[in-house]
Amino acid sequence: MTEIAVVGAGNMGAAMVARLREVGHAVTVYNRTAARAASLAARTGALAARTAREAAEQASHVIVSLADDAAVLATYRGDDGLAAGLQKHAIVLETSTIHPSTVRRLASDVESRGATLLDTPVSGSVPVVQRGELLVMAGGPSAAVARAEPVFGALAKRVIHVGGQGSGATMKLAVNAVVHALNLALSEALVLAERAGVDRALAYEVFASSAVAAPFVQYKRPAFLAPDGTPVAFSLDLVAKDLDLIDTLAHDVGARMDQLATTRDVVARALAAGLGEHDLSALAGLLREPN
């Protein structure tokens, strides 16, 4: 049994806590909204910590799953921050979608405590976490990646070590560039088929059985077919945050990304229409509106 702290009890963090408890790990959870951590702890048998520091103090592995760079930086730093509670030789698994430069800024904070930071963002949805079938994109020292196996073994079907610190975050942004472009393309194509007289469910069945049947197309079926009855899995506010990070990274490295500009434009229109808290599949609803 491994002592694991999970910092962040959003959709993915909560699913990780549940999965880790299911396979027998001891888990402490911290969330800035204490009631959310307490509720999750009561459901799963985890312990709830009052601060990020307290969560980290007894853990050999710390998983961080937060919304953005600002939240991550604030959670690591300060007297009650995560870094202050780290044990010597602990492994921090940073799964948040953040800029690679943020990973590198945090690495020194973690290393000053004798611990190691890995950027280990994941690809997969909540059901994928529940099955323990995530893909992990790991950046950092190979020895630390090997030492994180007790956590990876519970959550992931594959770990790809993509390079040094920051490379995992880079790959997560590259993957999400494809995901968000695919979400827009799927939304446009579905509305096109509907406007031309094809039943929505039948059109989606064709997409899900065709050459474009990516895992994203499969697991987003309920959201596209029954948007009002499907919980939000990935809000458009967070999509916009991702797209800003991708754009910044593209400018940093001199990469041309014409598709990104189109995706950002449509997402910005969705936010202007008040859809920021809606699931990313709500782009299809936006496109159904008259021009």
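Selection of segment 99-137 for residues being of a type in the set (Gly, Ala, Ser) and either touching a Pro at 6+ places or on another chain (Cβ under 9 Å) or in a strand (DSSP E or B) (or both) yields 123, 124, 125.
Filter segment 21-62 down to the residues that are small (Gly, Ala, Ser), in a helix (DSSP H, G or I) and under 23 Å from residue 130 (Cα atoms) and list them by number. Once the filter is applied, which keeps residues that are small (Gly, Ala, Ser), in a helix (DSSP H, G or I) and under 23 Å from residue 130 (Cα atoms), segment 21-62 yields 35, 37, 38, 39, 41, 42, 55. Filtering 220, 241 for residues that are within 18 Å of the chain's Cα centre (by Cα), within 19 Å of residue 186 (Cα to Cα), surrounded by 12 or more Cβ atoms within 10 Å (Cβ to Cβ) and basic (Lys, Arg) leaves a single hit, 220. Taking segment 205-263 as the range and being under 22 Å from residue 166 (Cβ atoms) and of a type outside the set (A, V, I, L, M) as the test, the residues that pass are 241, 242, 244, 247, 248, 251, 252, 254, 256.
Looking at segment 251-258, is at least one residue of a type in the set (A, V, I, L, M, F, W, C), closer than 20 Å to residue 102 by Cα and assigned to a helix (DSSP H, G or I)? Don't jump to the end; show me each part of the working.
Residues of segment 251-258 of a type in the set (A, V, I, L, M, F, W, C): 253, 255, 257.
Keeping just the survivors that are closer than 20 Å to residue 102 by Cα gives 253, 255.
Imposing the further condition that a residue be assigned to a helix (DSSP H, G or I) reduces the set to 253.
Within segment 251-258, one or more residues are of a type in the set (A, V, I, L, M, F, W, C), closer than 20 Å to residue 102 by Cα and assigned to a helix (DSSP H, G or I).
Per-residue answers, yes or no, for (1) in contact with a strand residue (DSSP E or B) (Cβ under 6 Å, 6 or more places away or on another chain); (2) surrounded by 16 or more Cβ atoms within 10 Å (Cβ to Cβ); (3) among the aliphatic types (A, V, I, L, M); (4) outside the structural domain of residue 253 (by TED's automatic domain parsing):
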position: 101; (1), (2), (3), (4): no, no, no, yes
position: 104; (1), (2), (3), (4): no, yes, no, yes
position: 120; (1), (2), (3), (4): yes, yes, no, yes
position: 180; (1), (2), (3), (4): no, yes, no, no
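Confirm whether residue 213 is crowded, with 20+ Cβ neighbours inside 10 Å and under 22 Å from the mean Cα position of the chain (by Cα). Here the answer is no, as residue 213 does not meet what is asked. Only one of the numbered conditions (1) buried (at least 17 other Cβ atoms within 10 Å of the Cβ); (2) on the phi < 0 side of the Ramachandran plot is violated by residue 124, and that is (2).
The values are calculated or read from the model by the stated rules, or taken from the named source; none is laboratory data. Just so you know, these numbers come straight off a predicted model, no measurement behind them. No Cβ is skipped: glycine too gets one built from the backbone with ideal geometry, and neighbour counts run over all protein chains shown.
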